[in-house]
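These notes concern the structure reproduced below.
The values are calculated or read from the model by the stated rules, or taken from the named source; none is laboratory data. Please read all numbers here as calculations on a predicted model, not as lab measurements. So basically every Cβ, Gly included, is an ideal-geometry build from the backbone, and we count neighbours across all protein chains shown. Accessible surface areas use protein heavy atoms only, side chains included; no ligands, DNA or RNA. Shrake-Rupley method; radii C 1.70, N 1.55, O 1.52, S 1.80 Å.
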Amino acid sequence: MAKLLKKGRDADARAEDDARVRQTVETILNDISRRGDVAVRELSEKFDGWVRDDYRLTDNEIEDCVSQLSNRDLDDIRFAQEQVRNFAQHQRKTIRDLEVETLPGIWLGHKNIPVNSVGCYVPGGKYPLLASAHMSIITARVAGVDRIVTCAPPFQGKPSPAIVAAQHLAGADEIYALGGVQAVGAIALGTEAIKAVDMLVGPGNAFVAEAKRQLFGRVGIDLFAGPTETLVIADEAVDGEMCATDLLGQAEHGLNSPAILLTTSEKLANETMSEIERLLSILPTAEIAGRAWHDYGEVIVCEDDEEMLREADRIASEHVQVMTVDPSYFFKNMTNYGALFIGPRTNVAYGDKVIGTNHTLPTMKAARYTGGLWVGKFLKTCTYQRVESDQASAMIGEYCSRLCMLEGFVGHAEQANVRVRRYGGRNIPYATAAE
């Protein structure tokens, strides 16, 4: 039976936090809906200390941001973007339109149609997370989205040069220096200055995630995303330093980022906890990472790999780092995860920043029913039908009419009957089933 050596805050405390966030976001979205740009400007000043007449960056401002980066920085951004683009293009090739003649004269098919417009949120309040620009903008562009709008909060009182450069190089059509709920609210609902989009994508803090949840339905979203999560599955194949580094490397995302160690070795568990305390004494982001570890970190010791597998699927973490003697066991058998990082040579930071897979992933156990952001999220798979002969229409119409009457849908039945009469020469009375 799994033994819990360390646990985080209880569910009731987390629920209270969630309730406060929900109420705050609902109030803000209602304000944006009623007052548009005026509300957006007031909210930007209140939360970011950032006021402009127009939050969309001009071409000159964009070029100025790009010019502030070194050639090495720009080359690194281009390298990362090429990896994301390359993988997205390979994904797109796997998605194909379909048309098949299922019965003589009856053709069924589907088309994969890109969403017309997308709003991409790029977090940047604490850290300028330019990688989120690659993940959303490039993937949408490969899918064929026509209009791509991006928003990112100001960083240290001005647009982040790195984020703006990434947005521009990725191919954004409109770039706004706007953050938080006011950003996603403005691009989803539309204001006098900002034309609404059809879909919202991208990670964000608890308030941005809640805003996306409340806006879902009025616009599409990529997924319901909460705080960054990481699960390290390890045994004697690695040591405490590597486990601690991988846990804290993700805990620094935010104060409420869960980081969990799952192991069959109590010795490794204790070594990892000791190593975490050592690293927290020297890590520059220790204030955030340490708080997250204290409040949301867990250490679970299991009997064997089979029990670790059950626990891992129960946890359904966003990121799962597998560093065991036989990592292929988890690759073959795990079902609930956002992204899998197999073996000690890879890690979550590779996926977050540069390797090419998308880092916008399901959290809060959503990995039980969805994967992360990919080209397919920007495509609508829409079916169609075409009947090419009189005989086919009359034949399928007779079946349809009888089935509709079985359900009591007389009007539906008559849709079939009129075609049986016209194309099949059958004299079917109005609103009766075909014989």
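Annotations for the structure displayed:
- Filter result (under 30 Å from Gly119 (Cβ atoms) and either open to solvent by less than 50 Å² (accessible area, probe 1.4 Å) or not hydroxyl-bearing (Ser, Thr, Tyr) (or both)) within the stretch 375-422: Val375, Gly376, Lys377, Phe378, Leu379, Lys380, Cys382
- Residues of the stretch 296-345 satisfying the condition of being acidic (Asp, Glu) and surrounded by fewer than 21 Cβ atoms within 10 Å (Cβ to Cβ): Glu298, Glu303, Asp304, Asp305, Glu306, Glu307, Glu311, Asp313, Asp326
- Residue ranges of strands (runs of 3 or more DSSP E) in the stretch 78-150 with at least 3 members crowded, with 24+ Cβ neighbours inside 10 Å: 117-121
- Checking Val232 against (1) part of a strand (DSSP E or B); (2) closer than 23 Å to Glu61 by Cα, the condition it does not meet: (2)
- Filtered by the rule that a residue be more than 19 Å from Cys302 (Cα to Cα), buried (at least 16 other Cβ atoms within 10 Å of the Cβ) and polar (S, T, N, Q), the stretch 250-284 gives Gln250, Asn256, Ser257.
- Lone qualifier among Val40, Val51 - being assigned to a helix (DSSP H, G or I) and among the β-branched types (Val, Ile, Thr): Val40
- None of Leu98, Leu29, Leu43, Leu74 is in contact with a strand residue (DSSP E or B) (Cβ under 8 Å, 6 or more places away or on another chain) and of a type outside the set (D, E, K, R) except Leu98.
- If you filter the stretch 12-32 down to residues that are within 30 Å of Val301 (Cα to Cα) and over 24 Å from the mean Cα position of the chain (by Cα), you find that the one that is modelled with the highest pLDDT is Glu16.
- Residue count for the stretch 1-59, restricted to those that are under 19 Å from Thr150 (Cβ atoms) and exposed (fewer than 11 other Cβ atoms within 10 Å of the Cβ): 2
- Residue in the stretch 196-210 that is assigned to a loop (DSSP other than H, G, I, E, B) and closer than 22 Å to Met334 by Cβ present: no
- In the stretch 173-201, the residues that are under 23 Å from Val375 (Cα atoms) and either at pLDDT below 95 or open to solvent by 20 Å² or more (accessible area, probe 1.4 Å) (or both): Asp173, Glu174, Ala196, Asp198
- Some residue of the stretch 215-229 being in a helix (DSSP H, G or I), under 23 Å from the mean Cα position of the chain (by Cα), farther than 25 Å from Gly351 by Cα and of a type in the set (A, V, I, L, M, F, W, C): yes
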